[in-house]
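Quick notes on the structure that follows.
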Amino acid sequence: AKSEGGNAMRFFEAAMQATITARATLESELRAALAGHQFLLHYQSQVTSEGRIVGAEVLLRWQHPTRGLVPPFGFIDLAEETGLIVPLGFWVLEDACKQLEHWAHHPGRRDLELAVNVSARQFREEDFVQRVREVLDRTGADPTRLKLELTESLVQNNVAATAEKMKSLAAMGIRFSMDDFGTGYSSLSYMTQLPLNQIKVDKSFVQKIGDDPKVELIIQTIIGMARNLELEVVAEGVETRQQLAFLEKHRCTLYQGYLFSKPVPLAEFEAQLDPEIIA
Ligand code: C2E
Ligand code: CA
Ligand code: CA
Ligand code: CA
């Protein structure tokens, strides 16, 4: 039994060591990727109930030299833990702002909006507001076309400080969306204290439409509350006609999901804006 225990311990240590090595490798690869321009944005359209595309959420992808296109779940947690999410997040913001500025000179596209995800860690940086201002100055992007998606974890314990930063950014014209609404440690009290413009119904709720009447009630409640607070509501992860019909019945504002489009490279997103050309 003693030697079995020893074996188990050696196995455990080897597994731990392998995990640590893999993480260290991934971390140095991430640093190299940031320096070597291996990141890119995909665009997922956001549409009205008439099917008009009002803009997109930009979603980060890593074009890895050997592993191909890596989605965020493969690296975002480590980027958070190591703090790399901060420079990475500012790269995302700058790339999105460059695109907005580019569209500003194109008649059919100057009204497009881009939603950019901001991690709690990035938002909490002391000079966050100043650095966003610098990105806007450098790129010349119209701040009113930019929406920052925040999560509830960012608000936690610090409503006043969060509100203050958001108000400085809102004064520049930037708008805010509360992402994954209802899935975090929510407190409804922050809803009245933060200058929010939009909330996003999480896809984990949307995916239960038709299956779970209690979740349907939660969605109805979220949409109703948003309407009373004069906030837009975006439903995320809309995959079926049935989900869409339910959301439309309850007068959701905007829709995002595979039913309309997956997140796609820029050229494909732009092709969606000119359907007559690809038809
Ligand atoms: P999120 O912000 O909640 O983004 C929505 C996720 O749902 C995206 O996953 C999107 O591809 C996926 N999605 C959209 N519609 C559907 C659908 O109809 N069905 C299903 N099954 N999924 C759908 P993605 O692109 O893998 O991103 C995952 C998460 O990674 C994001 O969740 C966000 O938390 C994080 N992330 C992505 N890009 C960034 C970024 O630039 N900065 C930060 N901080 N986080 C990012
Ligand atoms: Ca998001
Ligand atoms: Ca979400
Ligand atoms: Ca999410």
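The values are calculated or read from the model by the stated rules, or taken from the named source; none is laboratory data. The structure presented is a predicted model; accordingly, all values stated were derived computationally and were not measured. Note that each Cβ is placed from the backbone with ideal geometry, even for glycine, and that neighbours are counted across all protein chains shown. In case anyone asks, the SASA skips ligands and DNA or RNA and just uses the protein heavy atoms, side chains included. Shrake-Rupley method; radii C 1.70, N 1.55, O 1.52, S 1.80 Å.
Taking segment 225-245 as the range and being part of a helix (DSSP H, G or I) and either within 16 Å of ligand 4 (Cβ to nearest atom) or in contact with a helix residue (DSSP H, G or I) (Cβ under 7 Å, 6 or more places away or on another chain) (or both) as the test, only Gln243 passes. Considering the conditions (1) at pLDDT 95 or above; (2) surrounded by fewer than 20 Cβ atoms within 10 Å (Cβ to Cβ), Glu57 is excluded by exactly one of them, (2).
Restricted to segment 201-218, and to residues there that are in contact (Cβ under 8 Å) with a residue 24 or more places away in the chain and under 16 Å from Gly257 (Cβ atoms), the residue that is farthest from ligand 1 (Cβ to nearest atom) is Gly210.
Applying a threshold of 7 Å to beta carbon distances and a minimum spacing of six or more residues, or different chains, the list of pairs starting in segment 174-186 at a residue that is under 15 Å from Ile223 (Cα atoms) and near ligand 3 (Cβ under 9 Å from one of its atoms) and ending at one that is of a type in the set (Val, Ile, Thr) and open to solvent by less than 50 Å² (accessible area, probe 1.4 Å) reads Asp179/Thr151; Asp180/Thr151; Phe181/Ile199; Phe181/Val201; Phe181/Ile222. Filtering Ile209, Ile174 for residues that are closer than 23 Å to Glu126 by Cβ, open to solvent by less than 40 Å² (accessible area, probe 1.4 Å) and modelled with pLDDT of 95 or more leaves a single hit, Ile174.
Going by what's in this entry, would Val155 be described as crowded, with 17+ Cβ neighbours inside 10 Å, modelled with pLDDT under 90, within 16 Å of ligand 2 (Cβ to nearest atom) and closer than 29 Å to Arg133 by Cα? Here the answer is yes, as Val155 does meet what is asked.
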